[in-house]
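One structure below.
What follows draws every value from the coordinates through simple rules; no lab data is involved. Small disclaimer: the values here were computed from a predicted structure and weren't measured. Heads up, the Cβs are rebuilt from the backbone with ideal geometry, glycines too, and the neighbour counts pull from every protein chain shown.
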Amino acid sequence: MTQLSGERLWGTETSLPSELQIAINVNLLGFERKSSDLVEAPFIFTVGFTPSVAQINIKGKAQATGDKAELDKIMEDSKNQKPPPAIVVQAVSSIAIAEAIVLSKTIGVPPPLPTFPMPQEPSKSKPDTRYTA
């Protein structure tokens, strides 16, 4: 991480709205080859609140190591403007969310916790009943 910033835009003497929407955005800004077994990608991680009560921004550089073929594919996909590998995005997100949670506590706003899908109960299917005459 190269830069961490968090700003509360809502007055501290005013309570926060009861309903807040939190949007998380991760941008990898392209990959650069550092060596035969290392690529690096600058990133920007932002947390936005609606209504606008605060903003959190985290910048840094993600590094990916691997064999030459894997990294060649990452570089080729990047040149062709394909999405970055999910594992890199997930790694950046995990680390940045941890920092964003600390920043949110410091500035007194709700943390940007990722939402997890609610487990669904298995559907109770009706037995296959057939009547014949």
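Select from the range 13-45 the residues that are of a type in the set (S, T, N, Q) and under 24 Å from residue 95 (Cβ atoms) and write down the one among them that is nearest to the chain's Cα centre (by Cα).
25
Has the range 82-91 got any residue that is within 28 Å of residue 110 (Cβ to Cβ), hydrophobic (A, V, I, L, M, F, W, C) and buried (at least 16 other Cβ atoms within 10 Å of the Cβ)?
Yes: one or more hits.
Tell me the residue from 49, 45 that is among the aromatic types (Phe, Trp, Tyr) and within 30 Å of residue 79 (Cβ to Cβ), please.
45
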